[in-house]
Amino acid sequence: MSNRVSQLALGAENTKLSTRKTKQQHAVDDLLKRLSEYRNVASIRDVRYLETALSYRDQLSAVFLLTGSIGVIKSYVELFQKHHIPVFVHVEKIGGLSYDQQGLEYVANAIRPDGIITTKIQVVKKAQKLGLTTIQRFFLVDSEGLANIAQSLAQVEPDVIEIMPARIPEVLHKVREMTDIPVISGGLLRKREHAEACILEGATAISSSSQQMWEKSF
């Protein structure tokens, strides 16, 4: 009897896992489609700009939330999802939100964004098991940064990577040589020509906290 119960439990768990992977793939496909269409992501660092980003929803691929707290982040996520805009939560930037296993389970089951942003390998691994689309952020401050990216990607492959700062577009093609994972470039972007240079060097899209950059897709 116990073996039968165990088999049923295992079957239910496998079905749940399969459903989760299917939903995750649909979310990734939707994100990649939007990134290729608009190539423009709004990074929101201040709650005052939520409505501004929403007003540019027809020009944006997605929204990155880098502001808020555990008490309000769900309402921010729902605001954009209501208008069918993919929204990603930077788990290390949200006040009171833990990014350990329990915290990520809360993100996946209660907050329910389209995915998460993180700088940490272990968070990517845990989030993927929970069916969350993952964007891993890397900072290129010197030549060792490229080696760090290669080492990280050898351990785990997020769905998308974000390279910062964007004012070094000539390095992007080196990243593209490492991987075929879509690349978003962000940080220190204030002019459209800077963003366009990133795209020419291989970025799938750009991310920016500048409202002026949200006005038109690329």
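The values are calculated or read from the model by the stated rules, or taken from the named source; none is laboratory data. Treat the numbers as computed from the prediction; the structure is a model and nothing was measured. All Cβ positions, even for glycine, are placed from backbone atoms using ideal geometry, and neighbour counts span all protein chains on display. In case anyone asks, the SASA skips ligands and DNA or RNA and just uses the protein heavy atoms, side chains included. Shrake-Rupley method; radii C 1.70, N 1.55, O 1.52, S 1.80 Å.
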Solvent-accessible heavy-atom area per residue, rounded to whole Å², over region 81-143 at 1.4 Å | 45
With label points set 7 Å from each Cα along the Cα-to-Cβ direction at Glu193 and Leu130, the distance between them in nm comes to 4.4
Percent relative contact order for the chain, counting Cα pairs under 8 Å at least six residues apart, stands at 20
Of the candidates Ala110, Gly68, His173, the farthest towards the positive dipole end of the chain (Lys/Arg Cβ +1, Asp/Glu Cβ -1, centred on the Cα centre) is Ala110
May I ask you to derive the FRET efficiency for Glu78 and Ala154 from their Cβ-Cβ distance with R0 = 35 Å, giving the value to the nearest 0.05?
-> 0.45
Roughly how big is the chain's charge dipole about its Cα centre, with Cβ charges of +1 (Lys, Arg) and -1 (Asp, Glu), in debye to the nearest 20?
-> 560
Excluding ligands, DNA and RNA, the carbon-plus-sulfur percentage of the accessible area of the chain with a 1.4 Å probe reads 49
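Rounded to the nearest 0.05, what FRET efficiency do Ser69 and Asp180 have when you use their Cβ-Cβ distance and R0 = 41 Å? All intermediate terms of the calculation are to be shown ahead of the outcome.
On the way: r = 36 Å, r/R0 = 0.89.
Between Ser69 and Asp180 the formula returns 0.65.
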Would you mind computing, in nm to one decimal, how far apart the modelled labels at Asp142 and His26 are, each placed 7 Å from Cα along Cα→Cβ?
-> 4.7
Between Lys120 and His173, what length comes free when the chain is fully extended (0.36 nm per residue of separation minus the Cα-Cα distance, one decimal in nm)?
-> 16.8 nm
Once both label points are put 7 Å beyond Cα along the C-beta direction, the Tyr49-Ala110 separation in nm becomes 2.8
Counting only DSSP loop positions in region 124-217, the trypsin sites (Lys or Arg not before Pro) whose Cβ has at most 16 other Cβ atoms within 10 Å are Arg167, Arg190, Lys191, Lys216
So what is the 222 nm mean residue ellipticity for the chain from helices alone, if each DSSP H run of at least 4 adds -39500 (n - 2.57) and you divide by all residues, rounding to the nearest 500 deg cm²/dmol?
-> -13500 deg cm²/dmol
